[in-house]
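Here's the structure we're looking at; comments come further down.
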């Protein structure tokens, strides 16, 4: 089988209007998936769709932190495509950068938690319900974790806490999905070149207080990894994958 042959499967990608979500959506569309592009801004979702001309996709404005928005998203996907085979739970925010924990406003903490953790749960719950009831039963959920699910950066308490929590969400969903053919995994990404990581190449605060540039990798390498995880048969699962710029200061002393 040609590796670009259509899979005739349906994916929901959150945060599809930019960054990793956009590149993963385009990768899946190029491989023949039908893709629901979810995000807060319709204009950027339509820009993503334009990068895969001829792809079978629909742009659906969604705030993943709002239960009604998430319910409407999955209802629209099922109405359009009939089922859900993959959820790439990608929507997220870092929150205000460089703010010490003692100065972080509660509203900023709450926004990060609502988006990164509560939003991931709401989307996973909706996908789980659909995957459990559809025929053929089952599907796959891939949560976008982070290197911060393992080790924090300075002044990143909200982001790091939610990414650690996402690992627990992944494990629990994976266990509970077994009887229904629902495979759940997580991809932890370090320094993929996107707008969110642009500052890494010019200088990022290190644990010792210094500001130093960090290497980045092509975000397309992340997209290929997600696609590999997505296209495994449901009897196989990548539980956790870590994809990072080879020389980033993460392993050992950097």
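Remarks
- Here is the figure for the range 215-254: residues that are within 30 Å of residue 180 (Cα to Cα) and in a helix (DSSP H, G or I) total 9.
- Consider the range 213-249 and keep the residues that are surrounded by 13 or more Cβ atoms within 10 Å (Cβ to Cβ), over 26 Å from residue 87 (Cβ atoms) and in contact with a helix residue (DSSP H, G or I) (Cβ under 6 Å, 6 or more places away or on another chain). The one that is modelled with the highest pLDDT is 216.
- Scan the range 127-167 for residues that are part of a helix (DSSP H, G or I) and over 30 Å from residue 209 (Cα atoms) and the total you get is 7.
- Residues of the range 186-212 classified as modelled with pLDDT of 75 or more and part of a loop (DSSP other than H, G, I, E, B), total: 3
- Selection of the range 105-139 for residues being in contact with a strand residue (DSSP E or B) (Cβ under 8 Å, 6 or more places away or on another chain) and under 19 Å from residue 164 (Cα atoms) yields 119, 120, 123, 124.
- Residue 43 vs. criteria at pLDDT 95 or above, within 14 Å of residue 226 (Cβ to Cβ) and out of contact with any helix residue (DSSP H, G or I) (no Cβ under 6 Å at 6 or more places or on another chain): no
- Every residue from the range 169-185 that is part of a strand (DSSP E or B) and more than 15 Å from the chain's Cα centre (by Cα): 182, 183
- Sub-8 Å Cβ pairs linking a first residue in the range 220-241 that is farther than 19 Å from residue 173 by Cβ to a second residue that is in a loop (DSSP other than H, G, I, E, B), at least 6 apart or interchain, are 227/31; 228/238; 231/7; 231/31, ordered by first then second residue.
- Contact map, the range 132-151: first residue without any contact (Cβ under 8 Å) to a residue 60 or more places away in the chain, second residue in a loop (DSSP other than H, G, I, E, B), Cβ cut-off under 6 Å, separation 6 or more or different chains; pairs are 134/83; 137/181.
The values are calculated or read from the model by the stated rules, or taken from the named source; none is laboratory data. Everything numeric in this text was worked out from a predicted model, so none of it was measured. As a convention, Cβ positions derive from the backbone with ideal geometry for all residues, glycine included, and neighbour counts pool all protein chains shown.
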